[in-house]
Every structure is written in structure tokens, then in C-alpha cells.
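A.B. asks: Attaching a single structure in C-alpha cells format; questions to follow.
FYI, it's all coordinate maths here, none of it is from the lab. Keep in mind that what you see is a predicted model, and the values were worked out from it rather than measured. Here Cβ is always computed from backbone atoms with ideal geometry, including for glycine, and neighbour counts include all displayed protein chains.
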Amino acid sequence: MPDYACVDFVLRSDIPLPELIEVGTDAGRDVVPVQRGTVASAGPNWLECDGDTAVLAIPGVARFRIENGRSMTVDVDEGCSERNLRLYLLGSALGILIHQRGLFPLHANAVVMDGVAVTFTGHSGAGKSTLAAWFSAAGHTVLSDDVCVIGFDTARRPIVYPGLPRVKLWADAAKFHGHDIDGLERIHDDLDKYQLGLPARPDQGPVPLAAVIRLSRADEQPAGLRQLRGRAAVQLLMAETYRPQVVTALNLQQAHFGHCVSIAAAVAVLDWTRKWGHEVFEAEVEQLIRQLGQVKIDERTG
């Protein structure tokens, strides 16, 4: 089975995962096997947990048994396409595994700016992936899109691990960035959303986290960049956690709260409200970059 680089481990999968970078067996990371097998239904809910084992059931797709952040067994429903399977395997199922491993997944992308990572979060449709595609085209390294995995180094400073080297764009956003959607793969059989591969290195290491920025539309509040502190910063991180229901299901509330407090104390947590529309997008991003320079986000990692 091939090994694929993912966060701080490799997935050794008998299910092809072309969204990830294939690496050699001597990558020096923990190996997490992903294999097809029988997974019995654990109950009526979409997620059932028993100790260190979680069973995720997606009707029409598969049942996933994720054990202690160390392995994943996939029982694929008849008729499920490979692309639909990968969407959930590398999404919700992988998110559960990451939670089990004691890492903090944020529903965000992560961009490297001046040697540090800046993450952009916000509700679906807030423009996270469009922003990631813009930064990639401008020459910045995009560590992840949709799910940003945060850990801590030996000094307990937050770091961001590389994730899936692709962005997911709706058709209008893909066209805005100059892509012919006929040459892109849909992320799901029934969605007009496409994935765009990003430049990536298999040996890409974690990057110090400097800022978490929540995206909002200017019609929700006045435009601009606003820094959040204390409880407001912690609440933003808790609200923007990837698959927060998993935290409760796995009984990880205490550890999760501790992660949010530690991150809020170490990095800049900001709210960016911007004008909406493709015609003002580039000007808004350039304004953000100027404002970030004034915040001096790199000093927060010292």
C-alpha cells in the first residue's frame, strides 16, 4: 500500500488518495493504516463512540471506524464513487482521527507569510478557499485549505502542519482565478465545486502560527480589521473548530478548551470584515496585507 504525507503522519492506504503526496516508506513519521474492511453499524447516529473507537456513518458513502488516532477501516457502500468516498475520508473521517491524536483542527486554511502561518476561518461561503487560491497564485505557500491542523512544539508554541495540497473552489471562483473548470475535477458527483492542486513538498515541515483571522462580510458589520482578546478570542477558536461535535462525542472538552486558551494567548486573533464581490477582491486583500503589517503578527511568535 502506498504511503501519503498528511499532517505529522503518513496514511498507508489501500484506497488511492491522489489529493495527497506519495512518500517513501522511510518518511520517519507515524504510519496510520487505512484499509477496506467490514464496519458494523454502531447505532442510529451519524457518529458513535466507544472508548478510543469512533464509527462515522455517511449514508450512500461508507462507514468509517477510526481507532485511537492510529488506524482507519472503511466499509464502502455499493455504488459510491471514488471521489465521493475521498471527500468524506479526507474530510470528516480524517478530522476525527486528528482529534483523537490530540491535535487541534481549525475550519480554516493556512498561508505562509514572512515565514509564519496565518490562518483564515469563517462560515462556509466566507471566501476562505478563494483567498487561499489568491495567495497561492501570488507565490505564497498554502499549507492547507478547509482544515488547518494546529499542534504545539516542544516549547508549547502553536505550529501549523501541512494538510491537503489543494483548494476547493465553486465554479464562479475557479473562473475568477482563470481556470477552465472542464480541466478540473469535481469534489463531489453532485456539486458544482472543483479542486485545484497546489504546489507542495513532501518534506514540508510545520510552520509557527502567528494569526487566526475570521472572515466576515461588510454588510454584517463595518469593514476593517479588528483584534480580539481574552474570552472573545477563545470563543472564536472554539466556534471555528473543525467538526466541534466530535469534541463532545470523544469527551475531549477539557483538552479542547486548553488548546483554545493556549492558542489565543500566543497568537493574534483577528476579525476581518471586507467588502464583497470579485471586482473588489484583490484591493481588499492588498489592504488586509498592509493592515497585518501594522499588527506585526510576526512578533507574537517570539
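A.B. asks: For the structure I just gave you, tell me whether R36 is in contact with a strand residue (DSSP E or B) (Cβ under 8 Å, 6 or more places away or on another chain), over 17 Å from G95 (Cα atoms) and not acidic (D, E).
C.D. replies: Here the answer is yes, as R36 does meet what is asked.
A.B. asks: Does G178 satisfy the condition of being in contact with a strand residue (DSSP E or B) (Cβ under 9 Å, 6 or more places away or on another chain) and assigned to a loop (DSSP other than H, G, I, E, B)?
C.D. replies: So G178 fails the test.
A.B. asks: Just need a number here: residues in segment 20-63 that are closer than 24 Å to D203 by Cβ, assigned to a loop (DSSP other than H, G, I, E, B) and either in contact with a Leu (Cβ under 7 Å, 6 or more places away or on another chain) or charged (D, E, K, R) (or both).
C.D. replies: Final tally of qualifying residues: 3.
A.B. asks: Follow-up question, since we're still on this one. Answer yes if at least one residue in segment 187-198 is under 18 Å from S129 (Cβ atoms), among the aromatic types (F, W, Y) and in a strand (DSSP E or B), and no otherwise.
C.D. replies: yes
A.B. asks: Looking only at segment 206-248, count every residue that is of a type in the set (G, A, S), surrounded by fewer than 18 Cβ atoms within 10 Å (Cβ to Cβ), in a helix (DSSP H, G or I) and over 16 Å from the mean Cα position of the chain (by Cα) and tell me the total.
C.D. replies: Residues flagged as of a type in the set (G, A, S), surrounded by fewer than 18 Cβ atoms within 10 Å (Cβ to Cβ), in a helix (DSSP H, G or I) and over 16 Å from the mean Cα position of the chain (by Cα) within segment 206-248 amount to 2.
A.B. asks: Tell me which of these L17 doesn't satisfy, since it passes every other one: (1) farther than 27 Å from Q195 by Cα; (2) in a loop (DSSP other than H, G, I, E, B).
C.D. replies: Going through (1) farther than 27 Å from Q195 by Cα; (2) in a loop (DSSP other than H, G, I, E, B) one by one, L17 breaks only (1).
A.B. asks: Continuing with the same structure: Specify the residue that is farthest from D77 (Cα to Cα); the eligible residues are those in segment 7-58 that are exposed (fewer than 15 other Cβ atoms within 10 Å of the Cβ) and among the small types (G, A, S).
C.D. replies: G28
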